[in-house]
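Asks: Dropping a structure here in structure tokens format, bear with me for questions.
The values are calculated or read from the model by the stated rules, or taken from the named source; none is laboratory data. Everything numeric here is computed off the predicted structure, so don't read it as measured data. Cβ placement follows ideal geometry from the backbone for every residue including glycine, while neighbour counts extend to all protein chains displayed.
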DNA sequence: AACGTAAGGATCGTTGAACAATTCGACAAG
DNA sequence: CTTGTCGAATTGTTCAACGATCCTTACGTT
């Protein structure tokens, strides 16, 4: 009867001020409060959050490793501003991770999460809630990748999508970008469900090619 | 003529005590000087290296994110000791990354690096240098994955292999593990060169299945 | 006008010390 | 043998300080 408790072990290790600070900053960055390219002052933020500079620096390191922050020696940390080459690389990784996902026989349970994400996107689109479409779309691809059934790949995808969100924040027209993909997600889901992995993989490649071209085109970081 | 200089840019950001400390520790861990499961005392190491505890902690954070160290709250950092589930996951990721690699039309230049790694492994095997075979084998797979042509995937593979090395350090007989793969690498290279990606992919899957089974079997971490 | 130099201020990098919080082992009590 | 209690050891976090580095501005040179 004590055996099942071991599953709760990870929850024990939680907290630590530095990690909580990192969580806060990660949220702020992903919601666009801190914009790409902006510098984050150690003094200002440590004062505002009421933590010491040392603790804040530990948080910075964490986010730097997630590629959300850019740490330049003696100049401070900046919210990362991905280059066009970064966008291209992100899509190369997506092709690998998502491509491998659709080729696998999907577990029933994982499929349900994907369906839910498709529905959410369609509902949000009907109400012109393009922010909502964006997050549902992200959930869709996260769930897609989870077909690989690998915690490490899930984690990598999480980071990748967080980085992509940085790109979206520099774009002006999210609707034009997200709109075409509501239907595509539905189609891709159908191909997966019907058990035609190669067809799904081909469709996905085209999907990602299209998205990447659209994104690179709409994206001209001011460097 | 100034254009090519942009490639040297990363070298500018170099240094920072914390990163150099992380480099040292990473080397020590990968060579087995610090063994998996071992606790790393903040005081002892900061004294030995002549840096402050704060700086050392920043280094710890870096390596923790690379999954080489395990940071347990209020108990210190430990050299990571991967579980059997970790090994399984690592091989799931390998199947995805290496599988995608062999399906791509290989660039001539990248192929050369792979060939070199195969030759090095064969040379080392002839001299019964099984440590050498191990590192050549790692170089082989790193080069294989580089066919994906993605810096992020290269980086992920680097981390993955560093983590795998932790597993090797808990094994007793590296020769039995590495020996069969010298020939397999040669065969896989042949399949890639002859332009039969699907055949190569199948062979690779079998390759990785075999390696994983062998590893899990020889691996019983004392937990 | 373009460039090199110098001075000053701001911010980061790193240190050392300090104290609270937590863990762990030992020992006593039940 | 289990359960409390205590104390040593170690980590978590803060704070203040100083040198190093970078950025800006100003000034002088060519």
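Asks: If the requirement is being away from DNA strand C (no atom under 16 Å from the Cβ), more than 27 Å from residue A:20 (Cα to Cα) and over 17 Å from the mean Cα position of the chain (by Cα), which of these qualifies: A:125, A:117? Show your work before the answer.
Replies: Details: A:117 fails: over 17 Å from the mean Cα position of the chain (by Cα).
Just one listed residue meets the conditions, A:125.
Asks: Looking at A:81, A:49 in this structure, which one is within 13 Å of DNA strand D (Cβ to nearest atom), more than 13 Å from every other protein chain (Cβ to nearest Cβ) and either farther than 23 Å from residue A:170 by Cα or surrounded by 14 or more Cβ atoms within 10 Å (Cβ to Cβ) (or both)? Walk me through it before giving the result.
Replies: Details: A:81 fails: within 13 Å of DNA strand D (Cβ to nearest atom).
Just one listed residue meets the conditions, A:49.
Asks: Any idea which residue in segment A:26-59 is nearest to residue B:57 (Cα to Cα), counting only those that are near DNA strand C (Cβ under 10 Å from one of its atoms) and in contact (Cβ under 8 Å) with a residue 24 or more places away in the chain?
Replies: Keep residues of segment A:26-59 that are near DNA strand C (Cβ under 10 Å from one of its atoms), which gives A:39-46, A:52-54, A:56-57.
Pick out the ones that are also in contact (Cβ under 8 Å) with a residue 24 or more places away in the chain and you get A:39-42, A:56.
Numbers: A:39: 24, A:40: 21, A:41: 21, A:42: 18, A:56: 12 Å.
Once the filter is applied, the top-ranked residue is A:56.
Asks: Go through (1) surrounded by 16 or more Cβ atoms within 10 Å (Cβ to Cβ); (2) away from chain A (no Cβ under 13 Å); (3) under 16 Å from the mean Cα position of the chain (by Cα) one by one and return the number of the condition residue B:131 breaks.
Replies: (1) is the only condition that residue B:131 fails.
Asks: Could you tell me whether residue B:98 is assigned to a helix (DSSP H, G or I) and within 13 Å of DNA strand C (Cβ to nearest atom)? Give the steps one after another, and end with the answer.
Replies: Numbers: assigned to a helix (DSSP H, G or I): yes; within 13 Å of DNA strand C (Cβ to nearest atom): no.
Spelling it out, it is not the case that residue B:98 is assigned to a helix (DSSP H, G or I) and within 13 Å of DNA strand C (Cβ to nearest atom).
Asks: Please count how many residues of segment B:63-78 are within 19 Å of residue B:168 (Cβ to Cβ) and assigned to a strand (DSSP E or B). Walk me through it before giving the result.
Replies: Let us first name the residues in segment B:63-78 that are within 19 Å of residue B:168 (Cβ to Cβ), namely B:63, B:66-70, B:78.
Now drop any that are not assigned to a strand (DSSP E or B), which leaves B:69-70, B:78.
Adding up the residues that qualify gives 3.
Asks: Additional query: Take the residues in segment A:60-78 that are away from DNA strand D (no atom under 13 Å from the Cβ), surrounded by fewer than 20 Cβ atoms within 10 Å (Cβ to Cβ) and in contact (Cβ under 8 Å) with a residue 40 or more places away in the chain; name whichever of them is farthest from residue A:18 (Cα to Cα).
Replies: Result: A:67.
Asks: Inside segment A:1-46, can you point out the residues that are within 10 Å of DNA strand D (Cβ to nearest atom) and modelled with pLDDT under 90?
Replies: Within segment A:1-46, A:13, A:15, A:16, A:17, A:18, A:19 meet the criteria.
Asks: Sticking with this structure for a sec: Of all the residues that make up segment B:146-167, how many are within 21 Å of residue B:108 (Cα to Cα), facing chain A (nearest Cβ under 10 Å) and either touching a residue at least 40 places away in the same chain (Cβ under 8 Å) or not in a helix (DSSP H, G or I) (or both)?
Replies: Counting residues in segment B:146-167 that are within 21 Å of residue B:108 (Cα to Cα), facing chain A (nearest Cβ under 10 Å) and either touching a residue at least 40 places away in the same chain (Cβ under 8 Å) or not in a helix (DSSP H, G or I) (or both) gives 4.
Asks: Between A:104, A:92, which is under 18 Å from residue B:93 (Cα atoms) and not in a helix (DSSP H, G or I)?
Replies: On the way: A:92 fails: not in a helix (DSSP H, G or I).
Just one listed residue meets the conditions, A:104.
Asks: Now for a different question. So is residue A:56 closer than 30 Å to residue B:53 by Cβ, touching a strand residue (DSSP E or B) at 6+ places or on another chain (Cβ under 7 Å) and more than 10 Å from every other protein chain (Cβ to nearest Cβ) or not? Before the answer, list the steps.
Replies: Details: closer than 30 Å to residue B:53 by Cβ: yes; touching a strand residue (DSSP E or B) at 6+ places or on another chain (Cβ under 7 Å): no; more than 10 Å from every other protein chain (Cβ to nearest Cβ): yes.
Taking the combined requirement at face value, the residue does not satisfy it.
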